[in-house]
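**Student:** To start, I am sharing the structure in question, which I have written as structure tokens.
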Amino acid sequence: MPRRFAPAACPRLVVKIGSALLVDPAGHVRRDWLAGVVADLAARARAGQQVAVVSSGAIALGARRLKLPKGGRASLEDAQAAAATGQIALSHCWAELLGAEGLTAAQMLVTLDDLEDRRRYLNAASTLDRLLSLGVVPVINENDSVATEEIRFGDNDRLAARIGQAAAAQGVVLLSDVDGLYTANPGRDPDAAFIPEITRIDARIRAMADGGSASGMGSGGMVSKLEAARIATSAGAHLAIVSGKRDRPLAAWEADGRGSVFVAAARARSRKAWLAGRLTARGVIRIDAGAAAALAAGNSLLAAGALVVEGRFARGDVIDIHGPEGRIARGLAEYDAADAARIVGRRSDALAAILGYAPRSAMVHRDHLVLL
């Protein structure tokens, strides 16, 4: 399975490193370990692979310097102050170690809105593309100094998947304090079985996820990793969960293949991949089983199959579509919420009389809809 992530098969790779790996319990960078990671990245760069890094650690580093309680996470204000302080130290460390391997580092700090807004997403994608084409190693983190609880990724697993999507990467590797996905939490269940390959993220796979970070230092858990896998694979990138709790973790993974790989789906068109990867939506349309089957067959969402409209949204906003079993699709609304609510359950030939104007062909057109 590591062959899927080798330079020949994966010209662009995103590697995510969590706080628990990069920062020790005392709040110091595990510099020797990080130097080993950089050596792995340099080997891949020399083999022709373009590599971007999503690096946690700013809050943990800043909390030590500022002597803040609870690792800087006692309050939003503490986290923002710790991030602003720690990011300088984190960036300096990356630049120094990459420079020692003859590589140039670049820093990118992004917020959720930077990747949820289509225009800003395209700007970020353009910047990533240019940096990678120049042989630079972008080091990316969420801009926690300005992020709020309401508008943030909250974990770098999903951020790494979104960066992989924006960079048109073929692979995303999550270096973690766990070595992959198990049928149950291996710390609590001695019979938990390791799963090396996942081709479909269904209800059975989601039931195996365990929330929370094992170290208590980071913000991610297996739930966030599964969501990251959904985002990455829907954009055509394989995603691997690999243990980072050893020296030269990428080289060690190449040698023994120990890790869980989520196999990519066919690469979607850029706009649909962006839709599938979004973490926020302005509203929800709930539909019946017949409409759900129609969407699965590649059709648009018509008013006749809609049951309920929720939220406040305008035409062109991103909305989720829920069938009887939960969320099944996401797309761009053809109507605002008020008009959408007026036509739910109605046949197409009745819409003009209800709305007072010529109706559009669908509530969500199939060209602007993606199945989840």
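**Student:** Output the peptides 137-144, 108-115, 2-9 sorted from most to least packed, where packing is the average of other Cβ atoms within 10 Å over each peptide's residues. Please list the in-between numbers first.
**Tutor:** Details: 137-144: 23.4, 108-115: 18.9, 2-9: 15.5.
Going by the mean number of other Cβ atoms within 10 Å, highest first, we get 137-144, 108-115, 2-9.
**Student:** How far, in degrees from 0 to 90, does helix 118-133 lean away from the longest principal axis of the Cα atoms of the chain, to the nearest 10?
**Tutor:** Rounded to the nearest ten degrees, it is 30.
**Student:** Among 62-74, 164-176, 346-358, how do they line up from the highest to the lowest mean number of other beta-carbon atoms within 10 Å? Walk me through the numbers before you get to the answer.
**Tutor:** On the way: 62-74: 17.7, 164-176: 26.8, 346-358: 12.1.
With the highest mean Cβ count within 10 Å placed first, the list reads 164-176, 62-74, 346-358.
**Student:** Add -39500 (n - 2.57) for each DSSP H run of 4 or more in the chain, then divide by its residues: what number comes out at 222 nm, to the nearest 500 deg cm²/dmol?
**Tutor:** Per the formula, -11000 deg cm²/dmol.
**Student:** Another question about this same structure. To the nearest 10 degrees, how steep is helix 31-46 against the longest Cα principal axis of the chain, on a 0 to 90 scale?
**Tutor:** Its long axis makes an angle of about 70 degrees.
**Student:** Then there is this: Say each of SER348 and ARG269 gets a label point 7 Å from the Cα, pointing the same way as Cα to Cβ; how far apart are those two points in nm?
**Tutor:** 1.9 nm
**Student:** Another one. If you line up the long axis of helix 156-166 against the longest principal axis of the chain, both from Cα atoms, how many degrees apart are they, to the nearest 10?
**Tutor:** For helix 156-166, the angle is close to 70 degrees.
**Student:** Where the Cα atoms of segment 55-149 are projected onto their three principal axes, how long is each span, largest first, in whole Å?
**Tutor:** Per principal axis, max minus min of the Cα coordinates gives 42, 37, 12 Å.
**Student:** Shifting gears a bit: Calculate what fraction, in whole %, of the accessible area of segment 3-265 sits on carbon and sulfur atoms when a 1.4 Å probe is rolled over the protein chains.
**Tutor:** Solvent-exposed carbon and sulfur of segment 3-265 make up 50 percent of the total.
**Student:** What's the center-to-center distance, using Cα atoms, between segment 282-341 and segment 155-194 in Å?
**Tutor:** Between the Cα centres of segment 282-341 and segment 155-194 lies a distance of 30 Å.
**Student:** Using 1/(1 + (r/R0)^6) with R0 = 22 angstrom and r between the beta carbons of ASP202 and ASP288, what's the FRET efficiency to the nearest 0.05?
**Tutor:** About 0.50, to the nearest 0.05.
**Student:** Skip the ligands, DNA and RNA, and give the accessible area per residue of the chain with a 1.4 Å probe, whole Å².
**Tutor:** I get 43 Å² per residue for this part.
**Student:** Within the set of other residues whose C-beta is less than 14 Å from the C-beta of GLY102, count the net charge using Lys and Arg as +1 and Asp and Glu as -1.
**Tutor:** Net of charged neighbours comes to 0.
**Student:** Still on this structure, please answer the following. What's the Cα-based Rg to Rh of segment 272-371, Rh via Kirkwood?
**Tutor:** Ratio of gyration radius to Kirkwood radius for segment 272-371: 0.93.
**Student:** Related question: Trypsin sites (Lys or Arg not before Pro), restricted to segment 74-147: which are DSSP loop and have at most 14 other Cβ atoms within 10 Å?
**Tutor:** Answer in residue order: no site qualifies.
**Student:** Pop out the ³J(HN,Hα) list for segment 12-28 in order, Karplus 6.51 cos²θ - 1.76 cosθ + 1.60 with θ = phi - 60°, rounded to Hz; leave Gly and Pro as x.
**Tutor:** 3J(HN,Hα) across segment 12-28, in whole Hz: 10, 10, 10, 10, 9, 10, x, 4, 5, 7, 7, 10, 7, x, 7, x, 9.
**Student:** Moving on. At 7 Å along Cα-to-Cβ for each site, give me the label-to-label distance between ARG315 and ARG4 in nm.
**Tutor:** Taking the two extended label points, one gets 4.2 nm.
**Student:** Report, in debye and to the nearest 20, how large the dipole of segment 3-265 comes out about its Cα centre when Lys and Arg carry +1 and Asp and Glu carry -1 on their Cβ.
**Tutor:** On the way: 30 positive and 29 negative charges, 76 e Å.
Rounded to the nearest 20 debye, it is 360 debye.
**Student:** Now for a different question. What residues have an amide H closer than 5 Å to that of LEU181, excluding those fewer than 5 places away on the same chain, when H is modeled at 1.01 Å from N in the peptide plane?
**Tutor:** Hits under the 5 Å cutoff: ILE195, SER260.
**Student:** Output the peptides 14-22, 230-238, 76-84 sorted from most to least packed, where packing is the average of other Cβ atoms within 10 Å over each peptide's residues.
**Tutor:** Ranked from most to least packed, the peptides come out as 14-22, 230-238, 76-84.
The values are calculated or read from the model by the stated rules, or taken from the named source; none is laboratory data. These figures come from a predicted structure and were not determined experimentally. Glycine gets a Cβ as well: all are built from the backbone with ideal geometry, and neighbour counts include every protein chain shown. The protein model used for the area step is the full one, side chains on, heavy atoms only, and it has no ligands, DNA or RNA in it. Shrake-Rupley method; radii C 1.70, N 1.55, O 1.52, S 1.80 Å.
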